[in-house]
Amino acid sequence: MTRKIIIDTDPGQDDAVAILLALASPELQVLGITAVAGNVPLPLTQVNARKICELAGRPDIPVFAGCDAPLMRPLVTAEHVHGKTGLDGPTLPEPTMPLQATHAVDFIIDTLRREPAGSVTLVPIGPLTNIAAALQRAPDIAGRVAEIVLMGGAYFEVGNITPAAEFNIFVDPEAAEIVFRAGIRLTVMPLDVTHKALTTEAHVRAFRDMGTPVGDAVAALVDFFERYDEAKYGHEGAPLHDPCTIAWLLAPDLFSGRFINVEIEVRSDLTRGMSVADWWGVTDRAPNALFIGDVDAAGFYALLADRIGRL
Ligand code: BDR
Ligand code: CA
């Protein structure tokens with residue numbers, strides 16, 4: 001049985017690989033891709049999402065533009081990581097497939113109301129603005145979401161955009177708080193797990209050796225993306241954060257984690273956007289998220305290479 005998903009994204013090189021992994025996987029039916037402001041502003045993320053669909057030979061996937069700023073704060077972007085376009089690395093043509101006229105938040109609400117309850121999984125891999133806006137506007141959809149599988153947060157790795165916070169949560173902490181408190185089944189891929197799945201030269205070579213336009217593009221995306229983390233952390237390779245969400249849907253046995261309480265800090269200037277994860281069970285706060293902590297990195301990259309090779 002195929003699983004219906006909506007990918008909410010701010011591409012982003014690692015977002016792009018996540019989208020490609022999903023489009024290459026017959027187990028998943030991508031109902032739509034909703035763009036949000038994050039790594040770069042919305043006018044770029046919605047174009048980037050369409051570029052990736054066309055790269056995958058899937059101009060039929062509907063792409064929607066959503067919120068252009070966080071719920072309550074000015075947008076923070078990450079060109080220092082992703083480059084000016086958000087998708088620096090490969091040279092991809094301007095997309096010719098249309099952007100859908102419907103707002104992404106309306107698409108999310110309409111789809112969840114139309115499809116059978118419990119049949120649609122949301123996969124947010126950027127700031128959670130679109131998802132929170134949909135939940136705010138249409139609280140009835142919370143009971144209709146199958147589950148949310150998101151990339152965001154950190155406990156042991158603490159932060160990447162600030163000493164205390166991971167980028168996706170930091171950009172829109174109020175949105176994250178809404179999502180983490182929505183009572184929806186939640187699986188979280190924090191930095192703790194993505195930092196255990198670093199790219200290597202051999203991985204990049206494997207993509208390049210596919211000899212396909214998609215393999216070449218993924219190699220160029222990863223090549224570019226690695227530069228920032230290699231310089232910052234001093235290790236070889238970079239974490240491919242966002243594809244961990246899709247890999248989880250395809251092969252959950254590659255991952256392990258704990259069902260724990262996770263709260264989002266929204267008040268403190270110093271630690272705003274921190275995901276306060278009760279990994280050690282030292283509070284009596286109710287568990288609300290499966291917080292992933294470990295991954296079989298070799299298995300993850302084998303899955304990625306197998307699927308990307310199909311495109
Ligand atoms: C997250 O932030 C973005 O830069 C990446 O695309 C990923 O979603 C990692 O912190
Ligand atoms: Ca992202």
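Residues Asp15, Asp110, Asp8: which one is over 17 Å from the mean Cα position of the chain (by Cα) and either modelled with pLDDT under 95 or among the acidic types (Asp, Glu) (or both)?
Only one candidate passes the filter, namely Asp110.
Sort out which residues of the range 274-307 are of a type in the set (D, E, K, R) and touching a residue at least 24 places away in the same chain (Cβ under 8 Å), and write them in order of number. If the condition is that a residue be of a type in the set (D, E, K, R) and touching a residue at least 24 places away in the same chain (Cβ under 8 Å), then Arg285, Asp294, Asp296, Arg307 are the ones that fit.
Selection within the range 129-180: residues that are acidic (Asp, Glu) and surrounded by 23 or more Cβ atoms within 10 Å (Cβ to Cβ). The member of this set that is nearest to the chain's Cα centre (by Cα) is Glu166. Of the residues examined, Asp223 is not one that is within 16 Å of ligand 2 (Cβ to nearest atom) and of a type in the set (D, E, K, R). Is it the case, given these coordinates, that Ala24 is within 13 Å of ligand 1 (Cβ to nearest atom) and in contact (Cβ under 8 Å) with a residue 60 or more places away in the chain? In short, no. Taken as a whole, the structure places Pro41 among residues that are touching a Ser or Thr at 6+ places or on another chain (Cβ under 8 Å), open to solvent by 20 Å² or more (accessible area, probe 1.4 Å), at pLDDT 95 or above and within 16 Å of ligand 1 (Cβ to nearest atom). Of all the residues in the range 66-104, those that are farther than 16 Å from Pro43 by Cα and either of a type in the set (S, T, N, Q) or open to solvent by less than 20 Å² (accessible area, probe 1.4 Å) (or both) number 1.
Annotation note: of Gly118, Gly126, the sole residue that is at pLDDT 95 or above and within 16 Å of ligand 1 (Cβ to nearest atom) is Gly126.
Can you work out which of the residues in the range 248-266 that are among the β-branched types (Val, Ile, Thr) and buried (at least 19 other Cβ atoms within 10 Å of the Cβ) is farthest from Tyr301 (Cα to Cα)? So, considering only residues that are among the β-branched types (Val, Ile, Thr) and buried (at least 19 other Cβ atoms within 10 Å of the Cβ), the one farthest from Tyr301 (Cα to Cα) is Ile264. Evaluation of Asp10 against the conditions (1) away from ligand 1 (no atom under 16 Å from the Cβ); (2) open to solvent by less than 10 Å² (accessible area, probe 1.4 Å); (3) within 14 Å of Asn130 (Cβ to Cβ); (4) not aliphatic (A, V, I, L, M) shows that the sole unmet condition is (1). Is it true that some residue in the range 289-306 is among the hydroxyl-bearing types (Ser, Thr, Tyr), outside any loop (DSSP other than H, G, I, E, B) and touching a strand residue (DSSP E or B) at 6+ places or on another chain (Cβ under 9 Å)? Scanning the range 289-306 turns up no residue that is among the hydroxyl-bearing types (Ser, Thr, Tyr), outside any loop (DSSP other than H, G, I, E, B) and touching a strand residue (DSSP E or B) at 6+ places or on another chain (Cβ under 9 Å).
The values are calculated or read from the model by the stated rules, or taken from the named source; none is laboratory data. These numbers were taken from a predicted model, which means no experiment stands behind them. Positions of Cβ are backbone-derived with ideal geometry, glycine not excepted, and every protein chain shown enters the neighbour counts. Quick note on the areas: whole protein, heavy atoms, side chains included, nothing else; ligands and nucleic acids left out. Shrake-Rupley method; radii C 1.70, N 1.55, O 1.52, S 1.80 Å.
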